[in-house]
Structures are given as structure tokens and as C-alpha cells.
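Trainee: Before I ask anything, let me first share the structure, which is written out below as C-alpha cells.
The values are calculated or read from the model by the stated rules, or taken from the named source; none is laboratory data. Predicted model, so just to flag it, every value in this text is computed and none were measured. Note that each Cβ is placed from the backbone with ideal geometry, even for glycine, and that neighbours are counted across all protein chains shown. Surface accessibility is based on the protein's heavy atoms, side chains included, excluding ligands, DNA and RNA. Shrake-Rupley method; radii C 1.70, N 1.55, O 1.52, S 1.80 Å.
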Amino acid sequence: MSQNIIGELKSAPCIVRYPGNPVLAAKDIPYQASLVFNAGVTKYQGRYVMVFRNDVFNDERRFQYTNLGLAFSNDGIAWDVQPEPCWQVGDEENLRVYDPRLTVIDGRCYMCFAMDTRHGLRGGIAVTEDFSKFDILSLSVPDNRNMVLFPERIGGMYVRLERPFPVYSRGRDRFDMWMSDSPDLKYWGNSSLALGVEHVPYANDKIGPAAPPVKTSKGWLTTIHAVDLDPERGKNGWEPAWRKRYCAGIVLLDLDDPSKVIGMCREPLLAPEAPYEVDGGFRNNVIFPGGMVLEDTGEVKIYYGAADTVECLATAHVDDLLALCEAV
Ligand code: BMA
């Protein structure tokens with residue numbers, strides 16, 4: 001395995017972490033909770049909605065189960081967590097759902113998710129009316145995940161970004177960002193590569209989608225996750241073997257043909273730096289956005305899981321994010 005070493009990385013100066021981070025943590029949850037992170041966030045029916053991942057561990061720090069929790073907010077900062085989890089899967093075949101991503105299309109709220117099964121890892125899309133019931137519209141063949149939906153049809157088709165795992169053909173984790181479209185959110189095809197890991201200078205391992213894209217006059221603005229490995233880097237976090245670093249990046253896609261990357265920041269948007277990102281977590285050094293909200297003021301709220309342990313918020317002005325995306 002030959003790998004260029006990435007070295008130190010810093011966040012872009014235009015992005016500001018919310019000083020009260022984390023916005024949600026296990027202590028805020030009224031039922032059993034250990035790690036609260038990788039949430040999907042959107043604005044729906046006049047308020048902010050968050051569906052978050054909750055991994056439950058026992059006192060010996062052994063993993064027990066995962067469920068999805070639900071929270072509402074009027075300002076996107078203070079969250080009212082609902083008394084019960086909103087979705088949990090666990091049967092002979094389907095082991096758990098996690099990493100929810102929310103997108104509103106034509107007034108309906110859709111949720112992409114990852115599902116671990118006994119026969120591989122599947123990417124799913126569900127629709128919900130009120131977050132008490134999720135109707136699954138499609139589940140991919142293994143292995144695929146990190147699906148995110150665009151908030152409107154493009155050329156008449158629904159569009160998603162996704163990250164399949166080509167472990168045989170590429171030798172090891174060399175994962176890229178792909179795009180597919182669908183006439184009905186059920187049948188997916190026309191798949192094409194959107195961005196290769198080799199095009200992201202701050203990744204040497206894998207990349208993929210993060211939060212669902214937002215529409216701007218210049219193009220679809222979207223976050224990515226980008227991972228690097230350094231053989232010198234020690235174990236980092238209370239998970240027994242964790243050594244990777246996950247950064248968030250920012251990319252601009254063509255409005256009419258989002259498989260075309262038209263701009264990209266060559267440095268990370270968010271690199272792990274804050275104490276809750278680099279210290280004391282399950283997997284330190286992980287930043288993973290799952291929600292991006294563009295406000296009328298031009299402020300962009302980016303929600304991200306930090307250290308696979310808590311849910312955080314960072315903001316930037318949309319013009320500054322667009323300015324970061326150099327033409328490619
Ligand atoms: C990935 C997923 C994410 C997680 C990330 C970092 O494989 O499990 O949910 O945030 O690893 O641990």
C-alpha cells in the first residue's frame with residue numbers, strides 16, 4: 001500500500017463552529033443513549049427536524065444496538081428531543097439502520113439511510129409523513145451507502161449521490177462519490193462517477209457524499225467526507241483500533257448536470273481541531289456532515305457528527321463557501 005501522507009489540516013477561515021457545541025449529545029436524550037451523531041437535518045413544515053443516530057453501549061463499553069432519534073427545533077440550535085426513538089430495525093436479516101439524511105422534495109420528506117444486513121451493507125431511501133413511520137422505497141444491493149438526495153428533480157429525474165465500496169476491484173478502501181438517477185425513487189440507474197478520491201488532495205483513503213446538496217445560483221453546493229490514513233498515527237479514541245481522520249470538504253456541481261464537478265475547494269472545509277472533535281470520543285478525528293440548511297439570509301448551517309460521539313453545528317455565508325470552490 002503506497003500512500004501520500006497528508007499531514008496537518010486546518011478548517012477554512014470562513015467557517016465558524018457554534019460556540020455552544022455540541023448541539024446534541026447523549027445527556028440530552030430521554031432514553032438510553034451513548035453516541036449521538038451523524039444526524040440528518042432539514043427544514044420541514046416550518047421547523048427544523050433532526051433524525052439522529054444513537055449507538056447504545058453498555059457499561060463495559062460493548063456495543064448493544066443502534067436506533068434513530070427525533071428532535072425538532074425552532075431556531076436550528078436548541079433541540080426538543082422526542083420521548084421515544086423514531087425507528088429501530090433488528091431482525092434475522094436486517095441488523096440496524098443508521099446515518100440518516102433528510103431531504104424535502106415537493107413538500108415530502110425523504111430519508112436516506114444505511115442498513116447493515118447479514119448479507120451486506122445496503123443504502124436505502126424511505127419516505128415519511130410524520131417521522132413515526134418510514135416507508136422504504138428502495139434498498140440497494142450491497143455494498144453501498146452515504147446516499148443523499150437532491151432537493152428537486154433535475155431533467156425530470158430524482159438524483160442521488162452515493163458511495164459504493166469497490167473492495168475487490170480497487171484492492172482496499174479507495175472509495176469514490178457516484179451519482180445515479182431515478183424516475184420514481186425506486187429504480188435507480190444511469191450511474192456515473194461524480195468525484196474520484198484521487199481528485200481530493202486532503203484524502204488518501206476514501207471520499208463520499210456527506211449532507212444533501214443545496215441549490216445556489218452558481219450550482220449545487222454540497223459537502224463531502226474525505227478520509228486519510230497515516231501509518232505513524234496512533235490509535236485515537238476509545239474504540240480499540242481507530243486511526244483514520246475524516247474531514248468535510250466542499251464541492252460545487254453543475255445545476256443541470258450534477259455529475260459534473262464545476263468547483264472544489266482543494267483544502268478541507270472542516271478539519272478536526274475542536275476539543276470535541278479530537279479528544280475523548282469514540283473515534284476521535286471524525287467530522288461527518290449530514291445536514292446543510294441554506295437560510296434566506298445566506299447563512300449556511302452545517303450539522304455534523306463529531307468523533308462519532310456528539311452532534312455539532314458550524315456556519316458560513318453561502319458566498320464564502322462558493323468563493324472557496326475554485327473552478328476545476
Ligand atoms: C463510517 C460510518 C460512519 C462513521 C465513520 C467514521 O464507516 O460508520 O457512520 O461516522 O465510519 O467512524
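Trainee: Just to check your reading of the model, which residue among 169, 132, 73 is within 21 Å of residue 291 (Cβ to Cβ), more than 18 Å from the chain's Cα centre (by Cα) and open to solvent by 40 Å² or more (accessible area, probe 1.4 Å)?
Mentor: The match here is 132.
Trainee: What about residue 78, is it away from the ligand (no atom under 16 Å from the Cβ), among the small types (Gly, Ala, Ser) and surrounded by 14 or more Cβ atoms within 10 Å (Cβ to Cβ)?
Mentor: For residue 78, the condition - away from the ligand (no atom under 16 Å from the Cβ), among the small types (Gly, Ala, Ser) and surrounded by 14 or more Cβ atoms within 10 Å (Cβ to Cβ) - is not met.
Trainee: Identify, by number, the condition in (1) more than 16 Å from the ligand (Cβ to nearest atom); (2) open to solvent by 20 Å² or more (accessible area, probe 1.4 Å) that residue 214 doesn't meet.
Mentor: It is condition (2) that residue 214 fails.
Trainee: Please go through the stretch 82-95 and give me each residue that is more than 14 Å from the ligand (Cβ to nearest atom), surrounded by fewer than 19 Cβ atoms within 10 Å (Cβ to Cβ) and either assigned to a strand (DSSP E or B) or among the hydroxyl-bearing types (Ser, Thr, Tyr) (or both), ordered by number.
Mentor: 94
Trainee: Quick one: what pairs do we get from the stretch 232-261, first residue within 16 Å of the ligand (Cβ to nearest atom), second at pLDDT 95 or above and of a type in the set (Gly, Ala, Ser), C-beta under 7 Å, 6+ apart or different chains?
Mentor: Correct list of pairs: 237/281; 237/307; 247/226; 247/271; 248/210; 249/226.
Trainee: Here's something else I'd like to know. Can you find, within the stretch 227-276, the residue that is nearest to residue 194 (Cα to Cα) among those that are small (Gly, Ala, Ser) and open to solvent by less than 10 Å² (accessible area, probe 1.4 Å)?
Mentor: Out of the qualifying residues, it is 263.
Trainee: Out of everything in the stretch 274-303 that is among the aromatic types (Phe, Trp, Tyr) and more than 10 Å from the ligand (Cβ to nearest atom), what residue ends up being nearest to the chain's Cα centre (by Cα)?
Mentor: Per the criteria, the residue is 303.
Trainee: Oh, and also: Test residue 319 against the stated conditions and say whether it is at pLDDT 95 or above and open to solvent by less than 60 Å² (accessible area, probe 1.4 Å).
Mentor: Criteria not met by residue 319.
Trainee: I'm trying to understand the selection: among the residues of the stretch 9-63, which are assigned to a strand (DSSP E or B), closer than 17 Å to residue 247 by Cα and open to solvent by 20 Å² or more (accessible area, probe 1.4 Å)?
Mentor: The answer is 16, 17.
Trainee: Would you be able to say whether some residue in the stretch 108-118 is within 16 Å of the chain's Cα centre (by Cα), more than 26 Å from residue 45 (Cα to Cα) and open to solvent by 60 Å² or more (accessible area, probe 1.4 Å)?
Mentor: no
Trainee: Counting only residues that are away from the ligand (no atom under 16 Å from the Cβ), give me the strands (runs of 3 or more DSSP E) lying completely in the stretch 96-159 with at least 2 of them.
Mentor: Here the list reads 108-117, 120-128, 135-139.
Trainee: Follow-up question, since we're still on this one. For residue 271, all conditions in the list (1) away from the ligand (no atom under 16 Å from the Cβ); (2) out of contact with any Gly (no Cβ under 9 Å at 6 or more places or on another chain) hold save one; what is the number of the exception?
Mentor: Among (1) away from the ligand (no atom under 16 Å from the Cβ); (2) out of contact with any Gly (no Cβ under 9 Å at 6 or more places or on another chain), residue 271 violates only (1).
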